Each structure stands twice: as C-alpha cells, then as structure tokens.
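These notes concern the structure reproduced below.
The values are calculated or read from the model by the stated rules, or taken from the named source; none is laboratory data. All values derive from a computational prediction rather than experimental measurement. Positions of Cβ are backbone-derived with ideal geometry, glycine not excepted, and every protein chain shown enters the neighbour counts. For the accessible areas, the whole protein counts, side chains as well, though only heavy atoms, and no ligand, DNA or RNA atoms are used. Shrake-Rupley method; radii C 1.70, N 1.55, O 1.52, S 1.80 Å.
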Amino acid sequence: MQNCKDISVFLAYPIEHMVEEQKLVIETLHGPESLSLPLTGDKPLSIGRGVDNDLVIVSGKTVSRQHAVLTKTSTSQPAIWKLSDSNSRHGTFLNGIKIHHDQGVLLHIGDLITIGPFSFEVVDLNDESRYQCSFNDSNIVGGTSILQLDKTEGEADLAQERLTALLICSRKIHSATSEEKVAEALATAASAGTAFENIAVVQPKSGGRVKILASKGQIALEGTPKLSGSLLNAALEGESVRYQKAEVVDDQAQSIMQYSIEEAVCIPILLGTAVVGCIYIDNREGQLRGQGMNEDIEFCKALAEIASLAISNLKRMDIERRHSQERSSLLLGTVAALVSAIDAKDTYTCGHSERVAWLSKELARKLELDETSIEQVHICGLVHDIGKIGIPEAILRKAGKLTDEEFDLIKTHPVLGESILKDVSQLHPVLPGVRSHHERWDGMGYPDRTSCADTPLYGRILGIADAFDAMCSSRAYREKLDRGEVLDEIVACSGKQFDPDLVKLFLLIDFIHYDVMIDFHISQSSTFS
C-alpha cells in the first residue's frame, strides 16, 4: 500500500525554519564552584548531591540527593529539554520561579536554573552571537575596593523629583510586556532620579558575559561594555555593592581605570534568591556624587524592588506560556497522527488535509480573523476528513462511479468526524467546521442542509479550500484539472455552492506555497509507492 511521509515533520519544523544543530549545556553563572552539564544523549540527566547523578553538587547543603532531572522531549533539531523537580526538599527554581515537582517546564536558551547556592545558565555553545564580555578586572578591584552596602544606609526621604520618577517608572514597568521594556523604564527613572552619569540595566551571564538590556551615558550597547565585571560578580551574591577608587592606584589597573571610573554601584534585582538582573550606575573622569549619594542608592534599590515584582509576573506568565505551548504541541502531534491515518486509508488524497489546512488558513487571514481563530481554522482543515477513518477503503479508493448506497456512506464522514473528535476538549472550537464543510450556500449540501450564513464560518471557509484542492489533485476516478479551470469553477459556483464574499477573498491568495506542497506530496507518494 502507498503511504505518505509523516506530516508531523511539516507541522513542527517547516523547511524554511530549519536551524543549525545546537550544542546545549548548563553552566554555572554563580555558585561555590564552576560546574557544567552538556545536554546530550536521549536519556534523562539527573542533578543532585548523590554521586550517581549526572551533575553532582557536593557543596550545597540545601541540595537534595536527587534534586532535579532534565528530560529530552524531542529527538528532532533543535532538541527540546524539560526541567523537572525530583520532589526536592528546598525546590528547583527556573528564572526565579519555583517549579512544581509534578509539572516540568520546557527550557529555553538563556534560562536561569537555581538549585541551592548555584545559579546555572542554559547556553548554546554553537551560538556565535553570545553576549559580550565585561571587563575582567578581578585582580584590580578585588579585596577592599568593593564593599557591600549597609542595608540601613541612606534612609532619608526621597526628594520630589525622585518620587515623581518612581511613580512614572512604576506605571511603565507594570504595563511592560518584556524585560527589555522593564529595563528601559528602569534606566530612564534612574537617569531622572539620580545624579549618576552612566546607567545600565544588565543581565549577568555565565563565563563573564553580560546582556545589556538598557543603558544611558557612556555605557555602550555595542562593543565591550564599559563597566566593571568584578562589581557585577560581587552583586551576584544578592547584595548591593559599591566600588570607590582608592587614592593610590595600581599601575596595572588598566581595565576599569581606562574609563576613569571614580565610583560605581551595582544593585541586584532578585527573584527569590536568584539574581535576574542588576542596576549598574557609575560616575567617571573626576566626577564624584558626594552628598546625596546614599539617597540615590536607596532610590535605585526602590526601583529594583519594583522591577522584581514586574519581572516575577513576566516570568510566571512565560512559564505558563511554555506549558500552553507544550499542550499545543501534544495536540498537534495527535492531529498529525490522525491525518496520517486518513492518508493511509485514501492514498489518492495524500497531503490533502495539510493543503486544505493551509488554504483555509490563508483565507482566514484574508478575512482578517484574529490569530486564535486563524489557528483554529488551520487545525480544522487538518482534521476535517477524520471521519473517513470509518469509511471502507474499497469505497474511498474506488475508481468507478459510486452507487447511491456508497455515496450515502461517504456523506456520513462529517458527522463521524465530529463524533470522533468530540471528546478532545481542545478541538471543540473546530467541531462545527468539521461537521459543516460539505454544506452549500444554497442549502443543498450535507449533513444538515444549512444555507447562507446559517452554515458555520469555519465550514464555509473549508468548503472552498476542500473543493479547490480536490479539483487540483488527481483522484482514483479522474485526473486533476488545470488551475485556470479550477478557479473558473470556483467563481461559477459563487453564490450557489460557496459563500460569494469568501470566493472574492480566495481569489487573492498567492498559490506559490501551495504548488510547492503539491510537488512535495507527489514526490513522497512516489517514494512510498
């Protein structure tokens, strides 16, 4: 029997979106020692204090014997890994958010995993555009040059301009939809509310790298960031730190001193115990803040507290979005399996459901439906013929004319499809389209003989796409028609079989991608003949 290649390849990774192989690893961003774990192979990778783990953490008292596990959920490229907590005593945190031990989370590059005293970053070693390195000035400003700030220092009331900047920043931050927008609001507020000349909101990364989210003054967004790497590293302890140039400067102090940094402060933005960013401020070239510096620092600490709440909300929404994407992927995997089953039953319609789905989605876009509806139309197209699973192959593949009894059996497939899919809650929105895709504008279709706008919109959209692809494809009982003939027939049936307004929009579709799909499905059908 002929068969088609599994269309899940198309559903998950279209040809134009294929990417180079990744080399994923989690490596220490902050912790008592430098550890790393390559994400390779197909078996789960465990993290914990026990020596039988793939990543052994012996220097953390709050690390459980079996603390967390990384599981590969896809063998395709790019690889997809999931982080789960192994019911540890103190928990596993992703981007500062504690994950439930019974619900893993899909990992993204750049994620921050916190286990005990360690923060690990998910890194792609093959990514040549990894973040810039900050100055390695650890041998220059170490020791007494960097001091933790007293938590009680500088409790003076905020000046009016600081209070105004704080309120404006708060409004902007809580309406922000990304960390970059949060960072821009922070940098603007810090510039307005302090006397520091140079400001940056940064994310420290593993290996001494940083990601600058926003900056003001002489801290450039391009080239080597003009800020102290040691100060950032010190802030990873979770406390605000301050650098002030000593009266006697070591001749070898070239890195930080080439920009004549007189004083600098780094204030961490915390989610729980994880440092997810820092507010970095400095003055240079002889400029000193002097009086009022403590108030400036307290103001920036207040900004960091506001940012922490906003970023926490963004991170929680991101994790929920990942769960939603995973559920969607599982649904598409189920749909792909169902479509493959249809193609196996009726080899002459190999790829038909995928092409109808694409045509329907394009028509939905021309109709300017919202993105959720467009995706529902696409899924509806994929599963619209699922009811044919209940039709004997002898009828589906019959080369001659069908008897009345055989045609009556064929006409049951929309209702059968609805019945098959009704117990899948995620597919409830597409059921009306599955049932009604053979209804007609003039009311002479089946199964319910609805007419005009009484037929559900998804059914009217699919009706045109289904008929178009049927005429453009060879079937057991006839050869495919010329494209011009097909379009002429669609126009001729406008207002009779098809919604006339949808026909006008359908004619505006660019069929180049559709032709590529036809050629691909023909080649696959020949391969598996």
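Numbers below:
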quantity	calculated
Sole exception among (1) of a type outside the set (A, V, I, L, M); (2) more than 40 Å from the chain's Cα centre (by Cα); (3) closer than 30 Å to Ile509 by Cβ for Arg440, by number	(2)
Pair list, Cβ under 9 Å, 6 or more apart: segment 363-378 residue more than 20 Å from Phe498 (Cα to Cα), other residue open to solvent by less than 90 Å² (accessible area, probe 1.4 Å) and of a type in the set (Lys, Arg)	Glu375/Lys361
Options Thr62, Thr40; residue that is farther than 22 Å from Asn233 by Cβ and not charged (D, E, K, R)	Thr40
Strands (runs of 3 or more DSSP E) wholly inside segment 64-117 containing at least 2 residues that are over 21 Å from Asn53 (Cα atoms) and in contact with a helix residue (DSSP H, G or I) (Cβ under 9 Å, 6 or more places away or on another chain)	none
Single match in Lys301, Lys315 (criterion: in a helix (DSSP H, G or I) and within 14 Å of Ser170 (Cα to Cα))	Lys301
Given (1) surrounded by fewer than 22 Cβ atoms within 10 Å (Cβ to Cβ); (2) aliphatic (A, V, I, L, M); (3) at pLDDT below 90; (4) within 31 Å of the chain's Cα centre (by Cα), index of the condition Ala246 fails	(4)
Criterion violated by Thr347 - all others in (1) buried (at least 18 other Cβ atoms within 10 Å of the Cβ); (2) at pLDDT 90 or above satisfied	(2)
Within segment 358-426, helices (runs of 4 or more DSSP H) holding 1 or more residues that are closer than 19 Å to Ser436 by Cα	371-383, 404-410, 413-421
Filter pass, Arg397 being of a type outside the set (Gly, Ala, Ser), on the phi < 0 side of the Ramachandran plot and crowded, with 21+ Cβ neighbours inside 10 Å	no
Contacts under 9 angstrom Cβ, first residue in segment 199-219 being over 24 Å from Ile26 (Cβ atoms) and open to solvent by 20 Å² or more (accessible area, probe 1.4 Å), partner hydroxyl-bearing (Ser, Thr, Tyr) and not in a loop (DSSP other than H, G, I, E, B), 6 or more apart	Ser215/Tyr280; Lys216/Thr188; Lys216/Ser191; Gly217/Ser191; Gln218/Tyr259
Only listed residue being among the aliphatic types (A, V, I, L, M), open to solvent by less than 50 Å² (accessible area, probe 1.4 Å) and either under 22 Å from Asp127 (Cα atoms) or modelled with pLDDT of 90 or more (or both), chosen from Ile15, Ile57, Ile7	Ile57
For Gly433: the one exception among (1) within 20 Å of Leu331 (Cβ to Cβ); (2) surrounded by fewer than 20 Cβ atoms within 10 Å (Cβ to Cβ)	(2)
Every pair of residues 6+ apart whose Cβ atoms lie under 8 Å, when the first sits in segment 317-338 and is under 16 Å from His108 (Cα atoms) and of a type outside the set (Lys, Arg) while the second is open to solvent by 30 Å² or more (accessible area, probe 1.4 Å) and in a helix (DSSP H, G or I)	Ser329/Ala12
Inter-residue pairs, beta-carbon under 7 Å, first touching a residue at least 60 places away in the same chain (Cβ under 8 Å) and under 13 Å from Lys366 (Cβ atoms) and in segment 482-506, second open to solvent by 60 Å² or more (accessible area, probe 1.4 Å) and assigned to a helix (DSSP H, G or I), 6+ apart	Leu505/Lys366
Residue check for Gly495: modelled with pLDDT of 95 or more, over 41 Å from the mean Cα position of the chain (by Cα) and at positive phi	yes
In segment 40-58, residue nearest to Arg316 (Cα to Cα) [restricted to those that are part of a loop (DSSP other than H, G, I, E, B) and touching a Leu at 6+ places or on another chain (Cβ under 9 Å)]	Pro44
Considering residues of segment 272-298 that are closer than 21 Å to Ile168 by Cβ and at pLDDT below 90 only, the residue surrounded by the most Cβ atoms within 10 Å (Cβ to Cβ)	Ile297
Selection within segment 351-380 - open to solvent by less than 10 Å² (accessible area, probe 1.4 Å) and either hydrophobic (A, V, I, L, M, F, W, C) or at pLDDT 95 or above (or both)	Val356, Ala357, Leu359, Ser360, Leu363, Ala364, Ile374, Val377, Cys380
Selected residue (only one of Pro447, Pro456 is more than 21 Å from Ile391 (Cβ to Cβ), modelled with pLDDT of 90 or more, open to solvent by 40 Å² or more (accessible area, probe 1.4 Å) and not hydrophobic (A, V, I, L, M, F, W, C))	Pro456
Any hit, segment 396-403, residues being in contact with a helix residue (DSSP H, G or I) (Cβ under 8 Å, 6 or more places away or on another chain) and of a type in the set (Ser, Thr, Tyr)	no
Residue list for segment 419-433, filter: touching a residue at least 40 places away in the same chain (Cβ under 8 Å) and touching a Phe, Trp or Tyr at 6+ places or on another chain (Cβ under 8 Å)	Val430, Gly433
